[in-house]
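Enquirer: The structure under discussion is supplied below as structure tokens; questions concerning it will follow.
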Amino acid sequence: MVKLSKSARREERLGYLFISPWILGFLAFAAFPILASLALSFMHWDIYASPSWIGLDNFNRLFRDPLFYKSMKVTLTYSAMAIPLG
């Protein structure tokens, strides 16, 4: 480990201080919602009761639903046309 001078340590602390609002914003508005939605995708939750763990049952039900495949087809068709034209 390299020993930093007093001015280098101060500069390092200032760097962390200046980047901390971005880190806090990223954690609050991106990382936490992504991780929370991932965790909730494995649970049954009807808002009135506490969430209960059901594992992959939500995904099994999703992949057996014919409407899911229809919506994926519509989404991919729209993306294939809208992205190149945009």
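The values are calculated or read from the model by the stated rules, or taken from the named source; none is laboratory data. Keep in mind it's a predicted model, so treat the numbers as computed, not measured. Positions of Cβ are backbone-derived with ideal geometry, glycine not excepted, and every protein chain shown enters the neighbour counts. These area figures cover heavy atoms from the full protein model, side chains too; ligands, DNA and RNA do not enter into them. Shrake-Rupley method; radii C 1.70, N 1.55, O 1.52, S 1.80 Å.
Enquirer: Hey, with R₀ at 35 Å, roughly what FRET efficiency would residue 17 and residue 38 work out to, going by the Cβ-Cβ distance, to 0.05?
Expert: In this case the efficiency is close to 0.70.
Enquirer: Still on this model: What number comes out for accessible area per residue over the chain if the probe is 1.4 Å? Units Å², please.
Expert: 94 Å²
Enquirer: Quantify, in whole percent, the carbon and sulfur part of the accessible surface of the chain (1.4 Å probe; protein heavy atoms only).
Expert: 71 percent
Enquirer: Kindly provide the helix-only [θ] at 222 nm of the chain, computed as the sum of -39,500 (n - 2.57) over DSSP H runs of four or more divided by all residues, to the nearest 500 deg cm²/dmol?
Expert: Computed mean residue ellipticity for the chain: -22000 deg cm²/dmol.
Enquirer: At 4 °C and 1.567 mPa s, what whole-number value in µm²/s does Stokes-Einstein give for the translational diffusion of the chain, with Rh from the Kirkwood sum over Cα pairs?
Expert: 72 µm²/s
Enquirer: Among 35, 23, 72, whose Cα lies farthest out toward the positive end of the dipole of the chain, if unit charges sit on the beta carbon of Lys, Arg (+1) and Asp, Glu (-1)?
Expert: 23
Enquirer: Here is a further query. Could you calculate the contour length gain from residue 5 to residue 78, that is, 0.36 nm times the residue separation minus the distance between their Cα atoms, to one decimal place in nm?
Expert: 20.6 nm
Enquirer: Continuing with this model, one more query. Roughly speaking, what is the stretch gain from residue 70 to residue 57, that is 0.36 nm per residue apart minus the C-alpha to C-alpha distance, in nm to one decimal?
Expert: 2.6 nm
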